[in-house]
Amino acid sequence: MSLISVVIPVFNEEGNLEALHQRLAALETGGGDRYEFLFVDDGSRDASREIIRRLAAADPRVRYLFFSRNFGHEQATTAGLDQVRGDAAVLIDSDLQDPPELIPEMVRKWREGNQVVYAQRRARKGESIFKRATSWFFYRVVRAMSDCDIPQDTGDFRLMDRRVVAAFRRCRERNRFVRGLVAWTGFRQVGVPYDRDERLSGRTKYGVIKLMRLAFDAILGFSTLPLRLGLILGLLVSAVAFVEMCRVLYQKFFTGLAIPGYALQTAAILLLGGVQLVVIGLVGSYVGRIYRQGQSRPLYIVAEESEDAASAPAAANGDPRESPGGERGRGESTR
């Protein structure tokens, strides 16, 4: 009999939490595994925290961490994985688009020897054509540009063996892309296809700007290809400018052709300036990431936690309560 830890990031999901807990609680019925449910609230402004406290009071399997403010979905996921104590950990969002009933199938695949079992979407119900198109484009661009094998059409819904969790805990960069970090660990992985449901209630927290920011973090965090593309583009522009210069000199000195004014020169200067700005911007993005990493600020700050969370085992690279990974407020553990 194994202990399966389920990590649930939460941000303003008051309409989904009780239904999610009911479906998660039913997983133990008729099965041989035990479960724990770790809710990580990322600074919700609705009644999510009150509901989670009530669930924890009624169900000893429920644990929770409450952030001092909104730190982001990737940080909430990281905090949950820092505190899990099961033989395997499952990541699942709290909007009920990913069905908890798929977890036993993921556990079965894990027992077959796979150390990462990711849920791969076949269909996405209730989403616009624009959202489906941008998601399709996002996964393929990230996969093509990254240095590790990130599965297509997969979110954070996945199961990880405790060895994968231990390896993940050692990755403490600030600009995080969780599914990329899991793929980077290189453990044996397999997919489980499923159809994604509509949200039970509420609205998605990932708009176009957040998705673009996530894509930017994914590409810059797992590839230096943008810098190489900038170099290639600079070389191409330089080659075109050299050829054009040779053509102009030939026409001036050997054909006697009158060279018109400054239109061509102006266009060339603007083109070269644009390329320089793009390359400088890419370099600045990488330097900015280095600067943020060098500040060594905690990834998240926990303002309140259940007693079980406070006594959870330390992370693989040291207790996250005492490392740059995460920080807790003092004297605020409750149950």
Looking at region 146-165, can you tell me whether even one residue there is among the β-branched types (V, I, T) and over 28 Å from E198 (Cα atoms)?
yes
Conditions: (1) closer than 18 Å to Q120 by Cβ; (2) more than 15 Å from the chain's Cα centre (by Cα). R170 meets all but one. Number of the miss?
(1)
Using the structure shown, decide if G234 is in the same structural domain as I103 (by TED's automatic domain parsing), at pLDDT below 75, over 29 Å from V164 (Cα atoms) and not basic (K, R).
no
Take the conditions part of a helix (DSSP H, G or I), more than 20 Å from S201 (Cα to Cα) and out of contact with any Ser or Thr (no Cβ under 6 Å at 6 or more places or on another chain) and apply them to A79. Does it pass?
yes
Pick from R162, R179, R108, R158: which is within 26 Å of A25 (Cβ to Cβ), buried (at least 21 other Cβ atoms within 10 Å of the Cβ) and among the basic types (K, R)?
R158
Flagged in region 107-164 as within 24 Å of F216 (Cβ to Cβ) and charged (D, E, K, R), in numbering order, are R121, R124, E127, K131, R132, R140, R143, D147, D149, D153, D156, R158
Give me the residue from region 88-114 that is in a loop (DSSP other than H, G, I, E, B) and closer than 14 Å to R179 by Cα and, out of that set, modelled with the lowest pLDDT.
D93
Does region 208-222 include one or more residues that are surrounded by 13 or more Cβ atoms within 10 Å (Cβ to Cβ), out of contact with any Gly (no Cβ under 7 Å at 6 or more places or on another chain), β-branched (V, I, T) and at pLDDT 70 or above?
yes
Would you confirm, using the coordinates I've provided, whether R124 is under 15 Å from the mean Cα position of the chain (by Cα), basic (K, R) and closer than 18 Å to R196 by Cα?
no
Can you find a residue in region 25-33 that is over 23 Å from the mean Cα position of the chain (by Cα), assigned by TED's automatic domain parsing to the domain that holds R174, in a helix (DSSP H, G or I) and acidic (D, E)?
yes
Go through region 111-127 and count every residue that is surrounded by fewer than 19 Cβ atoms within 10 Å (Cβ to Cβ) and either among the aliphatic types (A, V, I, L, M) or on the phi > 0 side of the Ramachandran plot (or both).
3
Out of (1) at pLDDT 95 or above; (2) under 28 Å from R108 (Cβ atoms); (3) in contact with a Lys or Arg (Cβ under 8 Å, 6 or more places away or on another chain); (4) not charged (D, E, K, R), what's the single condition that is false for F66?
(2)
Set F39, F11, F67: member being closer than 22 Å to D161 by Cα and either in contact (Cβ under 8 Å) with a residue 40 or more places away in the chain or surrounded by fewer than 17 Cβ atoms within 10 Å (Cβ to Cβ) (or both):
F39
Note on region 128-148: residues surrounded by 12 or more Cβ atoms within 10 Å (Cβ to Cβ) and assigned to a loop (DSSP other than H, G, I, E, B) are S146, D147, C148
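The values are calculated or read from the model by the stated rules, or taken from the named source; none is laboratory data. This one's a predicted model, so the numbers in the text were calculated from it and none came from an experiment. Positions of Cβ are backbone-derived with ideal geometry, glycine not excepted, and every protein chain shown enters the neighbour counts.
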